[in-house]
Amino acid sequence: MAKQPQLHSRIKQDIVDKIESGYYPSGSLLPTESEFCKMYDVSRTTLRTALNHLLMEGAIYRKQGKGTFVAKGKVKQILSSSNLRYADQLKAQGIKPKIKVVDLQKIKPAKKIQNRLGIDGEQMVYQVKRIRYADEEEIQFETAFIRADLVPEITEEMANISLYQCINSQGNTIKRTEEQIKIFISDEEIAQHLNITQGTPCFQIATQTFLASEEVVEFSLAYFRGDRVEFFIERDYE
């Protein structure tokens, strides 16, 4: 005899079914926890387990002080080799892109960043913090560290367009990148810039950018909303 799914799994599946059927439309506000508990006649603990699973899977998301919402269709980010910039990738999906610089300064970086860039403690880097938007909605928060000896000038106007374009325009040739992706629990800064609740799981991509000389010119940490972004990887075995 088949084992019945646990109660929280049945509740989760029922909510998923209602989302897929359009009963809870994309972007709509879901019932409160109290309303869900009455609806399913379950404890708050059971209900929260179901909702937390949906949060981690990106089916729903929370906004501080506003409630829980049905996630919108996800923005596809290409991780395979591609010549398309962020803006071009979104435009190809019929989505309006935007980049906003929230911090730009020249600093002496922490030891961890020095090691990633292959520099010593006296070398300066540009620290650039940016938010990327899709149709005016925050989907990515990024902190980039760029070697000032290799890229002497970065302005807010440059960073609002393309950091790679800025790097290449100053006598450099970007050859390749190395990227590591993992799940990351959002802290206060990330949650604030992505307009999500602190503690919500995100995708983190750590990127080292190499020049033709094999010097690392940039190291960045980018955080993507799990409810709004999915990744596409293509492998060619020919």
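For the stretch 75-232, the number of Lys pairs with C-alpha atoms closer than 21 Å, counting only pairs eight or more positions apart or on separate chains, is 15.
Taking every DSSP helix (H) stretch of at least 4 residues in the chain, weighting each as -39,500 (n - 2.57) and dividing the sum by the residue count yields a mean residue ellipticity at 222 nm of -7500 deg cm²/dmol.
At an R0 of 22 angstrom, the distance between the Cβ atoms of THR177 and LYS108 translates into a FRET efficiency of 0.35. Using the empirical formula 2.2 N^0.38 Å as the baseline, the Cα radius of gyration of the stretch 7-70 reaches a ratio of 1.00.
Our estimate of slack between GLU122 and GLN6, defined as 0.36 nm per intervening residue step minus the Cα-Cα distance, is 36.0 nm. When a/c is below 1.5 the answer is rounded, else prolate if a/b is larger than b/c, else oblate, so apply that to the stretch 153-238 with a ≥ b ≥ c taken from the square roots of the Cα gyration tensor eigenvalues. Oblate.
Taking every alpha-carbon pair under 8 Å whose residues sit at least 6 apart, the chain reaches a relative contact order of 20 percent.
When all alpha-carbon pairs of the chain are counted, what percent fall beyond 25 Å?
Taking all Cα-Cα pairs of the chain, the fraction more than 25 Å apart is 50 percent.
Protection proxy ranking of 25-38, 46-59, 158-171, by the mean of other Cβ atoms within 10 Å over each peptide's residues and highest first, is 46-59, 158-171, 25-38. In the chain, the DSSP beta bridges split such that about 95 percent are antiparallel, to the nearest 5.
Rule-based calculations on the coordinates, nothing more; no lab input. Remember, it's a predicted structure, so these values are computed and weren't measured experimentally. Because the Cβ atoms are built from the backbone with ideal geometry, glycine has one as well, and the counts that use them run over all protein chains shown.
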